[in-house]
Structures are given as C-alpha cells and as structure tokens.
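> Please see the structure below; I have some questions.
The values are calculated or read from the model by the stated rules, or taken from the named source; none is laboratory data. Everything numeric here is computed off the predicted structure, so don't read it as measured data. Cβ atoms come from the backbone with ideal geometry, glycine included; neighbour counts cover every protein chain shown. Heavy atoms of the whole protein, side chains included, go into the accessibility calculation; ligands, DNA and RNA do not. Shrake-Rupley method; radii C 1.70, N 1.55, O 1.52, S 1.80 Å.
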Amino acid sequence: MQQHSGVLYVVATPIGNLGDMTERARKVLAEVDLIAAEDTRETLRLLSHFGITAKLRAYHEHNETAMREPLLRMLEEGRSIALVSDAGTPLISDPGYTLVAAARERGLSVVPVPGPSALICALSASGLPSDRFLFLGFLPRGRAQRRVLLESLAHEPGTLIFYESAKRALASLEDLQAVLGQQRRVVIGRELTKRFETFLDGLPGELIERLEHDAEQRLGELVILVQGAASAPDEAQCAEWERVLRVLCESLPLSQAAAVGARLTGAKKNRLYRLGLELGLAARGD
Ligand code: SAM
C-alpha cells in the first residue's frame, strides 16, 4: 500500500479481541513516520503483537495542546502520522479532535482507517433500534449532573448510548430508572469482543437487581444502551392532558392529579407530573 506523505491517519484498533485489527490498520501503522498514541506502552504491546516497530510519541489529554503544533509541523513537512488511542476509534471519548480539526483547517489530508468502536459494536448486537441513536460518551460522575443530563434526554426518540465505568454502573442505572422511568428497555454490553463478553437486557429494575446480586457484572468495561422515548404526543393529546390536569388540580395536589390523570388518559404519570410543573400547577408540598 502506498503511504501518502503529509497525511494524518486516524486509525481504529481492537477494543479487546486482537483478531479485530484490520489489515489496513496494520499496514498504516507499520509504514507511517510516527504514531501518536494515547498510551505508548499500550500501543507498544499492540505493535509488538503484530511485529511492527515504529516511532511512538505520546499524545493524550494532558499534552494535547503542547503536541498539536509539532505534529502539524511534521505533517506540513510531508511526514505521515497515525493517531491511535488505547482501544477503538480515536476521538470517540478519546483524544484527537483538536488535532484533526486543526489539520483540516490547514488544508492537510486526514484519512480515516476504520475499525472497532465499542458503541457501534454494542448497538449492532443490542436488539435496540439502530435507525436513530444518540451517543453521549461518559455520563457525568456526580449524581445531580447525571440526572440533569438524563432529564434533558427524556424526549429523545433515538436509542441512547453511554459509556460507563463498571463501578458507577449501578448508580447510573438507578438514575436512569428514576429519571426516564421503569418501562424502557436497557441493554448493557460488557467486555465486548473479549472472553467474558455479556449482554444483559431488561427493564432498569431488573438490571439493577442483576448487578446487585452478581458482582461479576460490575467488573470490566461496559456500554449502556437505553430504548428511546415513545413518539411525542400530538397537539390534541397534549391539550387533552392539560385539560384533565387542570380540572384535577382544582381539588388534588399535582402528584395525585398526575396519578389519576394517568389512569384517565393512558399517559405516563411522570409525563403528566412534568406537564403539571411546566403549567405551574404544583402547589406547595407537591
Ligand atoms: N475510543 C473508544 C471506542 O471507540 O469505543 C472508547 C474509549 S473510552 C475512553 C473507553 C470506554 O469505552 C470504556 O470505559 C467503556 O465504556 C467502552 N468500552 C471500550 N471497550 C469496551 C469493551 N470491550 N466492551 C465494552 N465497553 C467498552
């Protein structure tokens, strides 16, 4: 394969199973002048597995700014660089965005060398709708921020995809249940392409119970996928919900009005409660 000078290759590497390394990725890594790697030790292990010797330079979130200019200069001088992360596709919850953006801005060639990414891998086998999805990267660590983010996604109709550390998975599932309700299917893809690959599929409450009782499910790397919101109610439906809520709130607190309204209209109680809040129908103590 002919390497082109002055090209920045964005190279995907396996997320577990080394058999997923593509032939093209191997060739590019073997032939470029420099590999900019998120973790040089990790990439060295990968390269030695494939018998590749190459010049490595660290490129990670802590030296991204300082390294950008020297790397761009190398490209401008006609040398080729491969950007890799520890695993999967660079830039996807990994460093590289500012380098790629700057290279493009200067008219330099940026060439993708595609391969695995945990989010696509998980989605492809999750059984959740794949025609429309929203990838959010890692959920915020703090509970309050996590809930605010989830609240903002409550009406998103596409499948939601998150990266999450195993140790926070339980807390995140609890927040998913609290904010998005108990009725959405959740799939957890764990240790994908590796020996202990597992897919858990169920309602949030079922998965919480599973994780609580099975410590192994709280280990390793995972992707959480959540069924999207049911299609948005039309105007006539919303008007009817509002009418029912307003009448009920004349004699009931909002929480009870939402519960009774849900039985009368078939809408979700949480949805009606939120609508009541938006309409300013909550009295003190609601
Ligand atoms: N750039 C990578 C990609 O394309 O998927 C993602 C890097 S991000 C720093 C690492 C996160 O991806 C992990 O914490 C986990 O949520 C997810 N992940 C990576 N490998 C995985 C695997 N084999 N199984 C499940 N999730 C994985």
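> Going through the stretch 177-209 one residue at a time, which ones are in contact with a strand residue (DSSP E or B) (Cβ under 8 Å, 6 or more places away or on another chain), without any contact (Cβ under 8 Å) to a residue 40 or more places away in the chain and buried (at least 17 other Cβ atoms within 10 Å of the Cβ)?
If the condition is that a residue be in contact with a strand residue (DSSP E or B) (Cβ under 8 Å, 6 or more places away or on another chain), without any contact (Cβ under 8 Å) to a residue 40 or more places away in the chain and buried (at least 17 other Cβ atoms within 10 Å of the Cβ), then I188, R190, L200, P204, L207 are the ones that fit.
> V247 passes all but one of (1) modelled with pLDDT under 95; (2) farther than 27 Å from G88 by Cβ; which number fails?
V247 satisfies all of (1) modelled with pLDDT under 95; (2) farther than 27 Å from G88 by Cβ except (1).
> For the stretch 72-118, how many residues meet the condition of being open to solvent by less than 10 Å² (accessible area, probe 1.4 Å) and touching a residue at least 40 places away in the same chain (Cβ under 8 Å)? Give the steps one after another, and end with the answer.
From the stretch 72-118, those open to solvent by less than 10 Å² (accessible area, probe 1.4 Å) are 72, 75, 80-85, 88, 90, 96, 99, 103, 113; that's our starting set.
Okay, now just the ones that are also touching a residue at least 40 places away in the same chain (Cβ under 8 Å), so 75, 80-85, 88, 90, 96, 99, 103, 113.
Number of matching residues: 13.
> Based on this model, can you work out whether R243 counts as over 17 Å from L170 (Cβ atoms), more than 17 Å from the chain's Cα centre (by Cα) and not in a helix (DSSP H, G or I)? Quick ask: steps written out before the conclusion?
Working: over 17 Å from L170 (Cβ atoms): yes; more than 17 Å from the chain's Cα centre (by Cα): yes; not in a helix (DSSP H, G or I): no.
No: the conditions fail for R243.
> Select from the stretch 133-169 the residues that are open to solvent by less than 40 Å² (accessible area, probe 1.4 Å), among the aliphatic types (A, V, I, L, M) and outside any loop (DSSP other than H, G, I, E, B) and list them in ascending order.
L150, L160, I161, A166, A169
> Hey, can you tell me all the residues within the stretch 121-132 that are in contact with a Leu (Cβ under 7 Å, 6 or more places away or on another chain) and more than 14 Å from the ligand (Cβ to nearest atom)?
Within the stretch 121-132, L128, S130 meet the criteria.
> Right, next: Taking into account only those residues within the stretch 211-228 that are more than 16 Å from the ligand (Cβ to nearest atom) and at pLDDT 95 or above, which is least open to solvent (accessible area, probe 1.4 Å)?
Ranking the candidates gives G228 first.
> Would you check which residues across the stretch 64-95 are within 14 Å of the ligand (Cβ to nearest atom), farther than 20 Å from R26 by Cβ and among the polar types (S, T, N, Q) and list them?
S93
A quick yes/no check of all residues on (1) out of contact with any strand residue (DSSP E or B) (no Cβ under 6 Å at 6 or more places or on another chain); (2) closer than 28 Å to R190 by Cα; (3) basic (K, R):
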{"residue": "V28", "(1), (2), (3)": "no, no, no"}
{"residue": "I35", "(1), (2), (3)": "no, no, no"}
{"residue": "N63", "(1), (2), (3)": "yes, no, no"}
{"residue": "E69", "(1), (2), (3)": "yes, no, no"}
{"residue": "L83", "(1), (2), (3)": "no, yes, no"}
{"residue": "P90", "(1), (2), (3)": "no, yes, no"}
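> Looking only at the stretch 169-195, how many residues end up being near the ligand (Cβ under 10 Å from one of its atoms) and over 14 Å from the mean Cα position of the chain (by Cα)?
Within the stretch 169-195, the first condition is being near the ligand (Cβ under 10 Å from one of its atoms), and the residues that meet it are 169, 188-194.
Now restrict to residues that are over 14 Å from the mean Cα position of the chain (by Cα): 191-194.
Matching residues across the stretch 169-195 total 4.
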